[in-house]
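Here's the structure, in structure tokens; my notes come after.
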């Protein structure tokens with residue numbers, strides 16, 4: 001049993017030591033390679049109230065305890081620190097008032 005533990009530990013050490021993390025060279029945004037912007041599909045979840053953000057078909061912004069087609073959001077970068085969020089099912093964009101209230105257009 002001790003031999004098995006030692007061999008597993010040595011194997012884990014070899015794999016852990018053999019991994020090297022090297023940053024990729026800076027080659028500009030993906031659009032410079034004609035890939036287009038990176039678009040991510042996500043269900044945004046607020047842990048404290050325990051709700052998924054959704055944009056309903058009539059454009060109202062709500063929370064839902066379950067993931068639904070209306071809670072699937074498309075997140076696209078515009079510039080560093082700025083993204084556009086669009087409800088996939090409703091085809092409406094998420095907006096925020098200066099006081100923090102959410103609405104869609």
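Highest mean first, the peptides 51-59, 78-86, 64-72 sorted by other C-beta atoms within 10 Å per residue fall in the order 51-59, 64-72, 78-86.
Rounded if a/c is under 1.5, else prolate if a/b is larger than b/c, else oblate: which is the stretch 38-105, with a ≥ b ≥ c the root eigenvalues of its Cα gyration tensor? Rounded is the answer for the stretch 38-105, as its axis ratio a/c remains below 1.5.
Taking 7 Å steps out from each Cα toward its Cβ at residue 65 and residue 101 produces label points 2.7 nm apart.
Read the figures in this text as sums done on the coordinates, not as results from a lab. Every value quoted in this text rests on a predicted model; they were computed, and no experiment measured them. Cβ atoms come from the backbone with ideal geometry, glycine included; neighbour counts cover every protein chain shown.
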